[in-house]
Amino acid sequence: MSEVFVSAVHPSLGRLYWVFTSNADCNAPDHYTLTDWSELATRFPKGWRDHDYLHWLYKSHIYKVFDPDDGYSDYEVVDDEENEIHEQRLSGLLAGLHAKSGQTVEDFRLWMFRASWVDVPALQAVES
């Protein structure tokens, strides 16, 4: 079965990929993020977008990456109720990508939502 990465090309960072980590085996929340390393990228079966369940499961990846209500996300919004200041913070892989992007957190986040995320072939490992 051939596999694909879900990818978009950022103007400063180059090719980025979706990363999905299922934590079902340890009864923890799943983790959604992005990377610029294809070695860390999640491999999806070719045609996953045409498969009802897989499409439903993964289509909202970017929304899950930037879900401020997910306590395990690499994205959070901090509210200072006294001054009504809302600050967006990134951690993990997202923080590293953001630092290299040259964008504000909001511009970085908006680019991810607006990007054209397409399937690109994942190179198959050759066993010798």
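What to note about this one:
- Sole residue being in contact with a Leu (Cβ under 8 Å, 6 or more places away or on another chain), of a type in the set (Asp, Glu) and open to solvent by less than 90 Å² (accessible area, probe 1.4 Å), chosen from ASP74, ASP67: ASP74
- Residues that are crowded, with 17+ Cβ neighbours inside 10 Å and under 15 Å from the mean Cα position of the chain (by Cα) do not occur anywhere in region 120-128.
- Check on PRO11, under 16 Å from PHE113 (Cβ atoms) and either acidic (Asp, Glu) or surrounded by fewer than 14 Cβ atoms within 10 Å (Cβ to Cβ) (or both): yes
- ALA95 being under 17 Å from TYR17 (Cα atoms), free of Cβ contacts under 8 Å to residues at least 24 places away in the same chain and either open to solvent by less than 50 Å² (accessible area, probe 1.4 Å) or not in a loop (DSSP other than H, G, I, E, B) (or both): yes
- Qualifying residue in region 43-57 (condition: touching a residue at least 12 places away in the same chain (Cβ under 8 Å), open to solvent by less than 90 Å² (accessible area, probe 1.4 Å) and assigned to a loop (DSSP other than H, G, I, E, B)): no
The values are calculated or read from the model by the stated rules, or taken from the named source; none is laboratory data. This is a predicted model, so every value here is computed, not measured. Don't worry about glycine lacking a Cβ; one is built from the backbone with ideal geometry, like all the others, and counts go over all protein chains shown. Protein only, heavy atoms only, side chains kept; ligands, DNA and RNA dropped before computing areas. Shrake-Rupley method; radii C 1.70, N 1.55, O 1.52, S 1.80 Å.
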